[in-house]
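To start, the structure itself, in structure tokens.
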Amino acid sequence: MRHDGVDYGDYIEQLTYLLISQMADERGIELPDQTDWPYLRKQSGTDLLDAYVEHCGTLGKQPGILGEHLQRAQSRFSNPVNLQKLVGLIDETEWTSLEVDIKAAALRSLGEGCIRR
């Protein structure tokens, strides 16, 4: 991702937004049409980039804690391959079933592994 112009801080921010979205899906939180995790996961190429921009903007306006966390969310991706890779990596794990400490460790190692690529 560093070749995509995304620095480490932005990467962690984007990773957090995506994890929140995936975990909202795991918990069965109702989201507006075309902003839920399964919809985002099915997109590819520039459709994925566009869907993610819409996803961040729409969810940031939602009431409650989800909207609070995503209120200022903006996509930092310009290369859909990087976003697709990250969505795929996040989708491999059921994050809500993990212990909190494991989530933090996974976030760190996932972040470090993708930054090096």
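The values are calculated or read from the model by the stated rules, or taken from the named source; none is laboratory data. In this text the structure is predicted, and so the values were computed from the model without any measurement. Cβ placement follows ideal geometry from the backbone for every residue including glycine, while neighbour counts extend to all protein chains displayed. Areas reflect the complete protein model, heavy atoms only, side chains present, ligands, DNA and RNA absent. Shrake-Rupley method; radii C 1.70, N 1.55, O 1.52, S 1.80 Å.
Here are a few things to note about the model shown:
- Taking each residue of the range 54-67 that is closer than 9 Å to L31 by Cβ and touching a residue at least 24 places away in the same chain (Cβ under 8 Å) and looking for partners that are among the hydrophobic types (A, V, I, L, M, F, W, C) and open to solvent by 60 Å² or more (accessible area, probe 1.4 Å) with beta-carbon atoms closer than 8 Å, six or more apart or interchain, yields L66/I29.
- Residues being at pLDDT below 90, farther than 17 Å from E92 by Cα, open to solvent by 30 Å² or more (accessible area, probe 1.4 Å) and not in a loop (DSSP other than H, G, I, E, B) - total across the range 22-73: 3
- Pairs, first open to solvent by 30 Å² or more (accessible area, probe 1.4 Å) in the range 86-100, second modelled with pLDDT of 80 or more and assigned to a loop (DSSP other than H, G, I, E, B), C-beta under 9 Å, six or more apart: T96/R27
- Given (1) surrounded by fewer than 17 Cβ atoms within 10 Å (Cβ to Cβ); (2) over 19 Å from G9 (Cβ atoms), index of the condition N79 fails: (2)
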